[in-house]
Amino acid sequence: MRERVGSEATKRTRVPVIDLTRVEKSCVSANNINLENFKKLSVPALLQRGAVAALLAMLSAQTPAATPHDPKLDDKTAAELRQQADKGNAIAALHLGNLLARDRVPAAKYGKAVDWYKKGCALGDLSACHNAGVSYERGRNGAKPDHTEAANYYLKSAERAFLPSLLNLAILHADGRVNSLDNRDGLKWMLIAQKAAAQCPDKPVCKSVLEDKRGYRARLEAQLSADERREARQLADHWQPVR
């Protein structure tokens, strides 16, 4: 059953989220991982009920070499991306959103980054769904802060085993910034994220989820009774990604 989420008043405390909109090569820390120049972040897609443990994906997309900012070239690239995105190319929508998020092209001409992320998401790109969630969570890229919308966009990619969204969705629950009809949901998503991350422990994203330095799993467990914690583990064990 699909999770329903609601919002509380926006809290001003900054929380570590995996953010795909602002990227520099090798700009990685345990709590905030920036991967914008990657075409797409591939993650383990758990297939729990078969003997297949996962579709362990690699962070294999190559980051292009840094180039000086060239407004004319950026404008030409943005125009081409918009044309391709309007024809249904999800990756083009994602990249145009990234150009806008980095202020490489004017929003007055190309629109809001969040709108291109939403378009890319609707066309099936999981990174675009995640970036839309980050935009709403942080109130940037043309989006107003809205934890309900953030959770909804994270959910779209989390349901397809996109690791950054699995984690960010769990964090929203841990911080009490979303409400769910089922209070086991937050721990369930955290457990699923850690099961996925256990399959790629050497990757920075996965290592961050496993280390859980901010103690999100403990906080989620503390919100539940012993029976609810057991049920959340069962839900995580039987969960399968949407195809």
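The values are calculated or read from the model by the stated rules, or taken from the named source; none is laboratory data. On a predicted model such as this, the values are computed, not experimentally measured, just so you know. Because the Cβ atoms are built from the backbone with ideal geometry, glycine has one as well, and the counts that use them run over all protein chains shown. Just so you know, the surface numbers come from the protein's heavy atoms only, side chains and all, with ligands and any DNA or RNA stripped out. Shrake-Rupley method; radii C 1.70, N 1.55, O 1.52, S 1.80 Å.
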Original post:
If you find the alpha carbon centre of region 63-132 and of region 191-208, how far apart are they in angstrom?
Top reply: 28
**OP:** Per residue of region 124-135, in order, report the coupling 6.51 cos²θ - 1.76 cosθ + 1.60 (Karplus, θ = phi - 60°) as ³J(HN,Hα) in whole Hz, putting x for Gly and Pro.
**Re:** x, 8, 6, 4, 5, 4, 4, 5, 5, x, 4, 4
Subject >> Whole-Hz couplings from phi, Karplus 6.51/-1.76/1.60, listed for region 190-197; x for Gly and Pro >> reply: 5, 5, 5, 4, 6, 5, 5, 5
Subject >> Entries of Lys87/Lys156; Lys76/Lys118; Lys156/Lys203; Lys76/Lys119; Lys112/Lys188; Lys119/Lys188 with Cα pairs more than 25 Å apart >> reply: Lys112/Lys188; Lys119/Lys188
Subject >> Fraction of accessible area attributable to carbon and sulfur, region 129-208 (%, probe 1.4 Å) >> reply: 45
Subject >> Packing rank of 142-154, 219-231, 124-136, where each peptide gets the mean count of other beta carbons within 10 Å, highest leading >> reply: 124-136, 142-154, 219-231
**OP:** Kindly write out, for region 167-182 in residue order, the coupling ³J(HN,Hα) from the Karplus curve 6.51 cos²θ - 1.76 cosθ + 1.60 (θ = phi - 60°), rounded to whole Hz, with x marking Gly and Pro.
**Re:** 5, 4, 5, 4, 5, 4, 5, 4, 7, x, 9, 9, 10, 9, 5, 10
Original post:
For region 105-212, how big is the tail of P(r) above 23 Å, as a whole percent of Cα pairs?
Top reply: 29
**OP:** Over region 63-206, average the accessible area per residue using a 1.4 Å probe and give it in Å², no decimals.
**Re:** 39
